[in-house]
Amino acid sequence: MVKKYIYGNPIETNAVVEEIELSQDPIQYLNEITTTDGQILFTYLMADDDIVYGLGEANRGLNKRGYIYESFCTDDPNHTEEKRSLYGAHNFIVISGMISVGIFVDAPSKVTFDIGYTAENMIKIIPSDNNFKVYIIEGKSAYDIVKQFRQMIGRSYMAPRWAFGFQQSRWSYGNEDEVREVVKTYRENNIPLDAVYLDIDYMDSYKDFTVSEERFPNFKEFVEEMRQQGIRLVPIIDAGVKIENGYDVYEEGRQYQFFCKRADGSDFAAGVWPGRTHFPDFLNSNARKWFGSKYKVLLDSGIEGFWNDMNEPAMFFTNEGIAEAVDYLRNFDFNTNEPGKFFELKDQFNGLANRQKDYESFYHNMDGNIVRHDTVHNLYGYHMTRAAGEAFDTLAPDKRILMFSRSSYIGMHRYGGIWTGDNQSWWSHLLLNIKMMPSLNMCGFLYSGADLGGFGSHCTRDLMLRWLAFGIFTPLMRNHSAIGTRRQECYSFGDTDAFKNIISIRYSLIPYLYSEYMKACLNNDMMIKPVSFEYPADNFARSIEDQLMIGESIMIAPIYTQNAPGRYVYLPEDMLLVLFKSSSQRRYQILKKGMHYISAAVDEVPVFIRRNKLLPLCRTSECTDRMDTSMFEIIAYTDESIEYEMYEDDGISKDYDNPNNKVSFAIREIGGNLGAVSSKTIVKLSLF
Ligand code: GLC
């Protein structure tokens, strides 16, 4: 049951696609307050044991209680605990307790969610202006509310199956030979690999939709050479367009008036990687069509996937910002002894990037409606990705193109996935990744993942291995790191066997993971869930944040502490522990409901199979193109007949509803014994 309320005259975000009737009643569940300066805000009194889920890509725990979050897409690579904004703005929360209710604040500008920060039991939702929509969702449980929400916002983007392979990235592989070397070393060490990323240095002077002739002289041939080895190249596309005479994207953007403008009608400019750039007005439908059509040049070279970056939009500086800082410096009293003045001086320069004042100084032409950027800030990255997604529908109508973005808003989940931006090689960021995945699923971002091993800082071998052991289960499994950090390709830490083994586990799980992902997309469901969503009556399970349900058959409990030989795991029911050392080397143990200490070395991955569930595994392979999905091994934990319906398709076309996409694996009684039945060849049955 969903109720919709409209305040003021909100800008259409297209986040919600389902027709929902406007409620004429006063808002339910929330207490509406108008402050003395006319601002509308809402409060909600939480019960002591209420849990608050949601907010997608946000800092801190799965339960958002106890902190304050600001939905304002922010390029900040230092995700320390006190940060309130990350790259996405996902304004959906679910309060789960005696009363369960979902709240979606559909507002394109900043919204603050104070969830027990100012007052312990109080939620305060503070939109930054009075033009927004609110949806209130009632349901039987938090999970039920999430499913209704997902129905409202429409089917999530579906990635091609190859994007479930392991992917290697680095800022940047600078030329063809460096890429060749990466691929060769992976192949020599028998570590499976499906994609290599091209970060900004593949371009000519960081100009979107160009390829450096010097470093990638025969790009199309090179893309094909890599394809022959089962490798896809995935180039980055940045939001800012370099200001350079003669550069077609710049010239056309100016000619058609497709860049964001200052109040005086001139094209707004800010510094990003290429130096000074203009920002395409993605909120304008013609500009979107134009920018989207530019992806063609790379698609024509055989490219099948992209990542959209710097689209909060990130700005390193503007001339206006520098001028103000310099002016401040000119007027600075060099004889002052006030410490506060030195800090003020420092802030003038430290605050040059992503300045609020700059966001307030340019405008969009939303098909005739001129709006100031800060009032629609959270839609920018969303609409860059929408531009690409809509273009792919015409440029490659029958093919799934990999697309994910850094910045996002709910609604963008229909056009692409996300990666969670510039994390660090910190153990705490592995834990943040674990806690964030179910929240992203709640908001529709199913194809998602973090930079495995961490983007900034120097990664260690054990952190890389533990992070990969979790990354096996995230749809986007990509190792990415920043320029200047210690190399973290899987062959950079000496002996490679452990890396090969861990990634081989991923490859034997791909049919199951892809199936659970596709079913979740097709049914507006979650692939990665909090344990409490599957065991709502289990009070202890309600508090668990570091174990996750992956699809219908398994639970995981990743190890995220340095030097830990294992960890405590709570089993909400009897489960079968499968301790993977590689795709084929495993140990099994049936464990009773309750708390257990599970030992797992850095090269081991514990997986828990639920009672009366089965897990299909295929043989591992060096890449998804060479996967053999005709033969399976089944691990099942049951003493009765059970069935698993696996979704399987060609992984690239869009024939989602074809009945042939369903394969059933069953455990049946055959002549007094339980045996496995399937249209696939079952090479081994491990029954417990
Ligand atoms: C941004 C991205 C990062 C990328 C870098 C250079 O920081 O988040 O992934 O490597 O830009 O393009």
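The values are calculated or read from the model by the stated rules, or taken from the named source; none is laboratory data. As the structure is a computational prediction, the values presented were derived from the model and not from experiment. Methodologically, a virtual Cβ is constructed for each residue, glycine included, from the backbone with ideal geometry; neighbour enumeration extends over all protein chains shown. These accessible areas exclude ligands, DNA and RNA; they are computed on the full protein's heavy atoms, side chains included. Shrake-Rupley method; radii C 1.70, N 1.55, O 1.52, S 1.80 Å.
Please enumerate the residues belonging to the stretch 592-608 that are outside any loop (DSSP other than H, G, I, E, B), more than 28 Å from the chain's Cα centre (by Cα) and of a type outside the set (A, V, I, L, M, F, W, C). The answer is Gly594, His596, Tyr597, Ser599. In the stretch 638-653, the residues that are part of a loop (DSSP other than H, G, I, E, B) reach residues that are open to solvent by less than 20 Å² (accessible area, probe 1.4 Å) and among the basic types (Lys, Arg) with C-beta atoms within less than 7 angstrom, at least six apart or across chains, in these pairs: Ile652/Arg400. Candidates Lys654, Lys684: the one that is at negative phi and more than 31 Å from the chain's Cα centre (by Cα) is Lys684. Residues of the stretch 223-270 that are within 30 Å of Ala195 (Cα to Cα) and either part of a loop (DSSP other than H, G, I, E, B) or open to solvent by 50 Å² or more (accessible area, probe 1.4 Å) (or both): Glu224, Glu225, Arg227, Gln228, Gln229, Gly230, Ile231, Ala239, Gly240, Tyr247, Asp248. Whether a residue is surrounded by fewer than 20 Cβ atoms within 10 Å (Cβ to Cβ) and assigned to a loop (DSSP other than H, G, I, E, B) was assessed, and Lys684 does not pass this test. The set of residues from the stretch 288-329 being among the hydrophobic types (A, V, I, L, M, F, W, C) and either touching a residue at least 60 places away in the same chain (Cβ under 8 Å) or within 16 Å of the ligand (Cβ to nearest atom) (or both) comprises Phe291, Val297, Leu298, Leu299, Ile303, Phe306, Trp307, Met310, Ala314, Met315, Phe316, Phe317. So for the stretch 380-394 (the condition being touching a strand residue (DSSP E or B) at 6+ places or on another chain (Cβ under 7 Å) and either basic (Lys, Arg) or in a loop (DSSP other than H, G, I, E, B) (or both)), does at least one residue qualify? Looking for residues that are touching a strand residue (DSSP E or B) at 6+ places or on another chain (Cβ under 7 Å) and either basic (Lys, Arg) or in a loop (DSSP other than H, G, I, E, B) (or both), one finds none in the stretch 380-394, hence no.
Among the candidates Arg478, Arg466, Arg506, Arg487, the residue that is within 14 Å of the ligand (Cβ to nearest atom), at pLDDT 95 or above and either farther than 25 Å from Met152 by Cβ or part of a loop (DSSP other than H, G, I, E, B) (or both) is uniquely Arg478.
This table checks each residue for (1) open to solvent by 10 Å² or more (accessible area, probe 1.4 Å); (2) part of a strand (DSSP E or B); (3) touching a Phe, Trp or Tyr at 6+ places or on another chain (Cβ under 8 Å); (4) not acidic (Asp, Glu).
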{"site": "Tyr514", "(1), (2), (3), (4)": "no, no, yes, yes"}
{"site": "Asn524", "(1), (2), (3), (4)": "yes, no, no, yes"}
{"site": "Ala537", "(1), (2), (3), (4)": "yes, no, no, yes"}
{"site": "Glu552", "(1), (2), (3), (4)": "yes, no, yes, no"}
{"site": "Met555", "(1), (2), (3), (4)": "no, yes, yes, yes"}
{"site": "Thr561", "(1), (2), (3), (4)": "yes, no, yes, yes"}
{"site": "Ala564", "(1), (2), (3), (4)": "yes, no, no, yes"}
{"site": "Leu576", "(1), (2), (3), (4)": "no, yes, yes, yes"}
{"site": "Ile590", "(1), (2), (3), (4)": "yes, yes, yes, yes"}
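When the residues of the stretch 430-463 are filtered to those that are in contact (Cβ under 8 Å) with a residue 60 or more places away in the chain, among the small types (Gly, Ala, Ser) and not in a strand (DSSP E or B), the one that is farthest from the ligand (Cβ to nearest atom) is Gly444. In this structure, Tyr186 does not qualify as free of Cβ contacts under 8 Å to residues at least 40 places away in the same chain and either surrounded by fewer than 17 Cβ atoms within 10 Å (Cβ to Cβ) or under 30 Å from Tyr507 (Cβ atoms) (or both). Pairing each residue of the stretch 475-497 that is farther than 27 Å from Ser515 by Cα and of a type in the set (D, E, K, R) with any residue that is open to solvent by less than 50 Å² (accessible area, probe 1.4 Å) and away from the ligand (no atom under 15 Å from the Cβ), provided the two are 6+ apart or on different chains, yields C-beta distances under 7 Å for Glu489/Val182.
Answer yes or no: is there a residue in the stretch 200-215 that is more than 16 Å from the ligand (Cβ to nearest atom), at pLDDT 95 or above and open to solvent by 10 Å² or more (accessible area, probe 1.4 Å). Please lay out each step first, then the result.
Taking the stretch 200-215 as the starting set, the residues that turn out to be more than 16 Å from the ligand (Cβ to nearest atom) are 213-214.
Cutting the leftovers down to at pLDDT 95 or above gives us 213-214.
Now restrict to residues that are open to solvent by 10 Å² or more (accessible area, probe 1.4 Å): 213-214.
Scanning the stretch 200-215, I find at least one residue that is more than 16 Å from the ligand (Cβ to nearest atom), at pLDDT 95 or above and open to solvent by 10 Å² or more (accessible area, probe 1.4 Å), so the answer is yes.
All told, Ser23 falls short of being within 16 Å of the ligand (Cβ to nearest atom), modelled with pLDDT of 95 or more and either within 20 Å of Gly421 (Cβ to Cβ) or of a type in the set (Ser, Thr, Tyr) (or both).
For every residue, the table says whether it meets (1) open to solvent by 10 Å² or more (accessible area, probe 1.4 Å); (2) closer than 30 Å to Leu233 by Cα; (3) free of Cβ contacts under 8 Å to residues at least 24 places away in the same chain.
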site: Asn131; (1), (2), (3): yes, no, no
site: Ile136; (1), (2), (3): no, no, no
site: Ile145; (1), (2), (3): no, no, no
site: Gln148; (1), (2), (3): yes, no, no
site: Gln151; (1), (2), (3): yes, no, no
site: Arg161; (1), (2), (3): yes, yes, no
site: Phe164; (1), (2), (3): no, yes, no
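Put simply, of Tyr157, Tyr173 the only residue that is of a type in the set (Ser, Thr, Tyr), surrounded by 19 or more Cβ atoms within 10 Å (Cβ to Cβ), assigned to a loop (DSSP other than H, G, I, E, B) and within 16 Å of the ligand (Cβ to nearest atom) is Tyr173.
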